[in-house]
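Report on one structure; see the data block that follows.
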Amino acid sequence: MIDRPAGWVAGAAGGELRAGDPEAAGPARAVVDSRELRAGDLFVGLAGARADGGEFADAALAAGAWGALVSPAHAERLASKRSDAAVIACESPLTGLQALARAWRRELACPVVGITGSTGKTSTKDILAALLEPSVRAHANRQNLNTEVGLPLSLLEAERGTEALVLEMAMRGSGQIADLVAIAEPQVGVIVNVGPVHLELVGTVEGVAASKAELIRDLPPDGRCVVPAGERLLADHLRGELETITFGHGGDVELLSFKAGRAEIAARGEALTLELAYDQPHNLVNTLAAVAAACALGVRPAGRVEPRFSKLRGEVVELDGVTVINDCYNANPMSMRAALDHLASGPAGRRIAVLGGMAELGSDSDRFHREVGEHADELALDVVITVGEMALPIADGFRGETYSVGNPEEAGALLGELAGEGDRVLVKGSRSVGLERVLEASMAAR
């Protein structure tokens with residue numbers, strides 16, 4: 001709950017309280033989707049490309065919203081009808097939401113960790129939250145609340161008494177990480193990795209590194225940054241006055257051994273032992289980044305680590321004897337290779353990859369997709385099913401048994417016919433492909 005009065009909430013948002021008692025207790029949280037509204041929430045009416053959220057404010061208030069943060073025109077209309085709920089007028093409701101989140105972050109007065117990267121940032125966030133849980137009351141983003149809208153919503157869900165904020169930061173182009181840093185004001189910045197993502201917007205991998213490094217650039221002078229050991233793309237973006245902690249082979253935090261779930265880690269000269277509830281190679285690297293971030297906060301991780309991984313990110317589903325790795329939230333060349341490596345590493349009768357397209361790769365998109373197929377071929381996977389036109393070049397790089405279908409429903413039906421007991425299946429592609437429907441269709445076909 002935002003335990004400050006309505007007048008404070010309006011002022012923190014840079015708005016004007018047009019209706020409601022300025023001394024009334026604050027809202028439980030903020031929402032921008034009226035379908036997610038619960039009684040006591042602040043509804044923020046954002047103007048979108050196809051709809052103006054302010055139009056839904058009446059219904060939100062009728063459903064029990066604490067109040068509404070809307071444009072002045074909507075506020076005038078609402079204030080003339082309602083006096084029992086808070087009505088806050090803001091020239092830009094989005095800017096107001098972000099300002100309110102920044103003010104609440106300052107109210108909490110706790111350390112903030114900002115996490116970004118081309119892949120693995122969500123899992124790293126989930127792992128770090130689990131590492132901190134035994135000793136620190138931490139709050140982390142839910143699911144994919146990591147954008148200019150989602151991050152402030154997540155921040156406003158943090159309760160008074162939170163001792164650390166773990167905030168994932170996503171980007172699609174330059175300047176966007178800087179905007180999120182301005183809201184969250186982190187003291188610790190983590191860049192998990194740099195790779196070929198969002199190339200349509202930033203042009204080159206060097207551009208990706210520069211965009212991610214906005215997190216390092218905007219840390220306070222007494223901040224700490226966590227980066228992969230030996231990452232040349234970030235070398236020019238490091239700041240001499242900041243304490244820098246590296247992770248990975250040869251870094252300050254390094255994996256010494258991993259066997260049967262037991263990870264032996266050297267962390268800045270100290271030996272740590274963690275019992276991990278997962279074994280994916282890429283998540284072992286993400287664990288090193290999370291351990292480094294914990295060290296930056298002065299926390300010594302120990303014991304059993306069981307993250308609550310966000311949905312559609314490596315979820316394992318057992319379906320009539322078939323093991324399905326449902327990793328279809330997003331995809332890029334780095335995460336595709338990591339997921340294929342994981343598929344190949346486990347015991348199975350046959351290994352089947354259902355692969356959709358990878359978005360925003362620019363003019364080299366076909367090459368990146370073909371290289372995914374070549375990697376699947378090097379791993380000697382048994383079957384590759386491509387989904388959609390963008391993914392077709394994957395089949396060009398794979399010399400084994402290949403099928404190409406137009407949509408997730410066709411892929412699911414085909415998978416229902418091909419996969420048998422003891423097989424292991426990976427489902428992965430960019431979010432826009434909608435591969436979460438593959439599993440639904442496959443279950444229906446069996």
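The values are calculated or read from the model by the stated rules, or taken from the named source; none is laboratory data. Not measured: the values here are computed from a predicted model. Positions of Cβ are generated from backbone atoms using ideal geometry, with glycine treated the same way; all protein chains shown enter the neighbour counts.
The set of residues in segment 400-425 being assigned to a loop (DSSP other than H, G, I, E, B) and either in contact with a Leu (Cβ under 9 Å, 6 or more places away or on another chain) or among the charged types (D, E, K, R) (or both) consists of Gly400, Ala419, Glu421, Asp423. With respect to being basic (Lys, Arg) and either in contact (Cβ under 8 Å) with a residue 60 or more places away in the chain or crowded, with 23+ Cβ neighbours inside 10 Å (or both), Arg370 falls outside the description. Of the residues in segment 115-131, not one is modelled with pLDDT of 95 or more, charged (D, E, K, R), assigned to a loop (DSSP other than H, G, I, E, B) and within 13 Å of the chain's Cα centre (by Cα). The residues of segment 179-218 that are of a type in the set (Gly, Ala, Ser), more than 19 Å from Ala296 (Cβ to Cβ) and part of a helix (DSSP H, G or I), listed by number, are Ala182, Gly207, Ala209, Ala210, Ser211.
Take the conditions (1) assigned to a loop (DSSP other than H, G, I, E, B); (2) crowded, with 24+ Cβ neighbours inside 10 Å; Ala28 misses just one of them, which is (2).
If you check Leu233, Leu238 for being surrounded by 13 or more Cβ atoms within 10 Å (Cβ to Cβ), over 28 Å from Met336 (Cβ atoms) and not aromatic (Phe, Trp, Tyr), only one passes: Leu238.
To keep it simple, each residue is scored yes or no on (1) in the same structural domain as Glu360 (by TED's automatic domain parsing); (2) among the hydrophobic types (A, V, I, L, M, F, W, C); (3) surrounded by 22 or more Cβ atoms within 10 Å (Cβ to Cβ).
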position: Leu167; (1), (2), (3): no, yes, yes
position: Ala182; (1), (2), (3): no, yes, no
position: Glu185; (1), (2), (3): no, no, no
position: Val194; (1), (2), (3): no, yes, yes
position: Leu199; (1), (2), (3): no, yes, no
position: Thr204; (1), (2), (3): no, no, no
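I'd like to check something: does segment 2-20 contain any residue that is without any contact (Cβ under 8 Å) to a residue 60 or more places away in the chain, under 22 Å from Ser80 (Cα atoms) and charged (D, E, K, R)? No, segment 2-20 contains no residue that is without any contact (Cβ under 8 Å) to a residue 60 or more places away in the chain, under 22 Å from Ser80 (Cα atoms) and charged (D, E, K, R).
Pairs meeting the criteria (first residue in segment 233-246 and not assigned by TED's automatic domain parsing to the domain that holds Gly207 and of a type outside the set (A, V, I, L, M), second residue assigned to a loop (DSSP other than H, G, I, E, B) and modelled with pLDDT under 95, beta carbons under 7 Å, at least 6 apart or on different chains) are lacking. For segment 44-57, a residue qualifies if it is crowded, with 17+ Cβ neighbours inside 10 Å and either assigned to a helix (DSSP H, G or I) or touching an Asp or Glu at 6+ places or on another chain (Cβ under 9 Å) (or both), and the qualifying residues are Gly45, Leu46, Gly53, Gly54, Phe56, Ala57. Only one of these conditions is not met by Val387: (1) among the aliphatic types (A, V, I, L, M); (2) touching a Pro at 6+ places or on another chain (Cβ under 8 Å); (3) outside the structural domain of Glu417 (by TED's automatic domain parsing). Which number is it? With respect to (1) among the aliphatic types (A, V, I, L, M); (2) touching a Pro at 6+ places or on another chain (Cβ under 8 Å); (3) outside the structural domain of Glu417 (by TED's automatic domain parsing), Val387 is out only on (3).
The rows are residues; the columns are (1) assigned to a loop (DSSP other than H, G, I, E, B); (2) modelled with pLDDT of 95 or more; (3) farther than 23 Å from Pro111 by Cβ.
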residue: Ala266; (1), (2), (3): no, yes, yes
residue: Leu272; (1), (2), (3): no, yes, no
residue: Asp279; (1), (2), (3): yes, no, yes
residue: His282; (1), (2), (3): no, no, yes
residue: Lys311; (1), (2), (3): yes, no, yes
residue: Glu318; (1), (2), (3): no, no, yes
residue: Ala331; (1), (2), (3): yes, no, yes
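Pairing each residue of segment 149-172 that is without any contact (Cβ under 8 Å) to a residue 24 or more places away in the chain with any residue that is surrounded by fewer than 18 Cβ atoms within 10 Å (Cβ to Cβ), provided the two are 6+ apart or on different chains, yields C-beta distances under 8 Å for Ser154/Arg142.
Per the conditions (1) crowded, with 20+ Cβ neighbours inside 10 Å; (2) in contact with a His (Cβ under 7 Å, 6 or more places away or on another chain); (3) not assigned by TED's automatic domain parsing to the domain that holds Glu436; (4) not polar (S, T, N, Q), the sole criterion not satisfied by Ala293 is (2). Among the criteria (1) over 25 Å from Arg313 (Cα atoms); (2) free of Cβ contacts under 8 Å to residues at least 24 places away in the same chain, the one Arg262 does not fulfil is (1). Scanning segment 342-367 for residues that are surrounded by fewer than 17 Cβ atoms within 10 Å (Cβ to Cβ) and either in a helix (DSSP H, G or I) or assigned by TED's automatic domain parsing to the domain that holds Gly120 (or both) yields a total of 6.
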